[in-house]
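Please read the structure below before turning to the comments.
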Amino acid sequence: SSAEAQMWFDRGFTWLFGYNFEEAIKCFDRSLAHDSKLAMAYWGLGYARGHNYNYPMWIDKDGAHHAAQEGLKLANNPSVKLTSVEKDLIQALVHRYETNMYNPEKHPSEAQKQLKRLQEAFVAQMEIVYSKHSDDPDVAAIYAESMMNLKPWRLWETEGNSTQPPKMTLKIVAVLEKHLKTHPDHAGLCHLYIHAMELSPFPEKALPQADRLVEGKGLVPGSGHLLHMASHIDMWLGDYHRAIVANALAFEADEKYVAMTKHDDGFYLLYRVHNLHFLVWAAMFDGQYELAIKHAREINKRLPLKVIKQFPAFSEGYAIVSWMVLMRFGKWEIILKEPLPTSPSDWPCVTSAAHLTRAVAYASLGRVREAQEEQKLFLASLEKPELRGRTVHNNVVYDPDGDCGILNVGKSLLEGEILYRKGDTERAFVALRRAVKLDDGLNYDEPWGWMQPARHALGALLTEAKQHSEAELVFQEDLK
């Protein structure tokens, strides 16, 4: 009933596809301020407060359920005019939530089971909606994303003894490709297709969508995340320069967004950090130290202690990136001059990464005794309870009960570096091969959890030890 309500709804809908859910919520709220009976604005609030491909748990479970129910009330009100597709979307969203939802922090196992059941119900409902509105690109995007959220970051993992891609993944790709033919500039379709194809055997198929998101001023110039998304394909294709450019544009867009909105915290801060993280990763692969360390320092500026305390599990791990850059480029003397955290309990990831990197620096400089002393500090830091549960996106920083953590890789790599400098090359290479195995075993992530391939260290020391045949095999394997 209001042009202003429509404008704010359109903005919120676009932010949904750019994964800035907090800004989307603000837009949908402003839309309702202009038209309290805009049922689709409640749909937007319910959708934005749920889970997504990057965060497989409810952002605001109670708020999501309430908004979905409010939308349903309006949809069932005869005085509220809705199109068929709007009514169907609202009715489908109701199945994504229920009255009593588990707190994922207090009951993680129960919450995961409940989430899976509800998401499967939502997929079933969206399949019905899509069957009725199969020419609608927005419906197609929501339907595809609903399926993707069942297996985030694992779409191309084979099932059982099969060597074929899962049928659901092929369905996702088919839906997205069908609608991209007729709506090539749909930001949501482009975004989701990149995620769908980046882990496939042929990521280059999504290059046209990457181009559309980033070329010119960008398809959605104000969305840092959408500008950044092109780099998910660029990195796979070895176009490190354009990955740097895409994330530099994203960084610039995010800075303008913060200046305009004053929204400098919350979940979207982690997306802004992710763009910087990606830029650093691309610069590391491109051999650009100055660019990498500059933007690694920018990450640290955006992670003051107040942010760490707000999201301790999800944020502090990103603060180790500057240490990874210094180690990647062999800046041993700079590493030894870097300040250590004054409050290790607040910065357990950084403290451990600092001791690890310092120990590698000492070993590389031939100062073995000091490397061993620093190694003791590193191993002691891994036992701190504050370190448990901290992650960098898809990987835990350290896994004390197994071998699936980022610093588990570093632990074996450091052991190999020290043994090599002590002249025990046989045991050194055993440790370094173990580091490679641990590196390969990390959950897939972009950027990779261990940002520099462990094979680089193994191959370099094999070369130094004149074991050229194995070194060549190691480097060839790394190139795969």
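Laboratory data are not the source of any read-out in this text; all were calculated from the coordinates shown. What you see is a predicted model; the values in this text were computed from it and never measured. Positions of Cβ are backbone-derived with ideal geometry, glycine not excepted, and every protein chain shown enters the neighbour counts.
Find how much the distance from Leu237 to Gln6 grows on full extension, using 0.36 nm per residue of separation minus their present alpha carbon separation; answer in nm with one decimal.
That pair, Leu237 and Gln6, stretches by 79.2 nm at full extension.
Amide H neighbours of Gly405 under 5 Å, at least 5 residues apart or on other chains, H built in the peptide plane: list them.
Asp399
Just to confirm my numbers, what's the Cα centroid distance between region 420-443 and region 174-192 in Å?
The two parts, judged by their Cα centres, are 44 Å apart.
Could you give each residue of region 134-139 its phi-based ³J(HN,Hα) in whole Hz, using Karplus coefficients 6.51, -1.76, 1.60 with θ = phi - 60°, and x for Gly or Pro?
6, 9, 8, x, 5, 4
Report the one residue of Met148, Val129, Ala111 whose Cα lies farthest in the direction of the positive end of the charge dipole of region 104-148 (charges on C-beta: Lys and Arg +1, Asp and Glu -1; origin at the Cα centre).
Final value for the positive-end residue is Ala111.
Would you kindly work out the equivalent ellipsoid of region 1-110 from its C-alpha gyration tensor and give its semi-axes, the square roots of five times the eigenvalues, largest first in whole Å?
Ellipsoid half-lengths, sorted descending, are 24, 16, 11 Å.
Using only Cα atoms, what Kirkwood radius does region 202-302 have, in angstroms?
Taking every pair of different Cα atoms in region 202-302, averaging 1/r and inverting gives 13.5 Å.
Before anything else, pin down the relative contact order of the chain: Cα pairs under 8 Å, at least 6 apart, normalised by residue count, whole percent.
Result for the chain is 7 percent.
Which one of Leu407, Phe202, Gln164 is farthest out on the positive end of the charge dipole of the chain, using unit charges on Cβ (Lys, Arg +1; Asp, Glu -1) and the Cα centre as origin?
Leu407
Give me the extension gain from Glu290 to Ile128: residue separation times 0.36 nm, minus the current Cα-Cα distance, reported in nm with one decimal.
53.1 nm
So what is the relative contact order of region 13-88, in percent, for Cα pairs below 8 Å that sit 6 or more residues apart?
Relative contact order comes out at 25 percent.
Report the label-to-label distance for Arg154 and Asn76 in nanometres (one decimal), using points 7 Å from each Cα along the Cα→Cβ vector.
Roughly 3.6 nm, to one decimal.
With a Förster radius of 25 Å, plug the Cβ-Cβ distance of Lys384 and Glu333 into 1/(1 + (r/R0)^6) and report the FRET value to the nearest 0.05.
After rounding, the FRET efficiency stands at 0.35.
Per DSSP helix of 4 or more residues, -39500 (n - 2.57); summed, then divided by the residues of the chain. What does that give at 222 nm, rounded to the nearest 500?
Helix contribution divided over all residues of the chain: -20500 deg cm²/dmol.
Quick check on my link table: of Lys376/Lys437; Lys26/Lys87; Lys61/Lys411; Lys178/Lys262; Lys256/Lys306, which ones sit more than 28 Å apart, alpha carbon to alpha carbon?
Lys61/Lys411; Lys178/Lys262, as the Cα separations exceed 28 Å there.
Using Cα-Cα distances under 8 Å and only pairs 6 or more residues apart, what relative contact order does region 202-302 have, in percent?
That works out to 23 percent.
Give me the base-10 log of I(q)/I(0) for region 55-214 at each q in 0.16 Å⁻¹, Debye formula, one uniform scatterer per Cα, rounded to two decimals.
Cα-only, vacuum Debye calculation for region 55-214: -1.01.
Got a sec to turn the phi values of region 378-393 into Karplus ³J(HN,Hα) couplings, 6.51 cos²θ - 1.76 cosθ + 1.60 with θ = phi - 60°, whole Hz, x for Gly and Pro?
Listing the rounded values in order: 4, 5, 5, 5, 5, 8, 5, x, 5, 6, 5, x, 7, 10, 10, 6 Hz.
Taking the Cα centre of the chain as the origin, how large is its charge dipole in debye, to the nearest 20, when only Lys and Arg (+1) and Asp and Glu (-1) carry charge on their Cβ atoms?
500 debye
Non-local amide H neighbours of Val392 (under 5 Å, H modeled in plane, Pro and chain starts lacking H): which ones?
Amide H neighbours of Val392: Val397.
What value does the chain have for Rg/Rh, both radii from Cα atoms and Rh as Kirkwood defines it?
Result for the chain is an Rg/Rh of 1.00.
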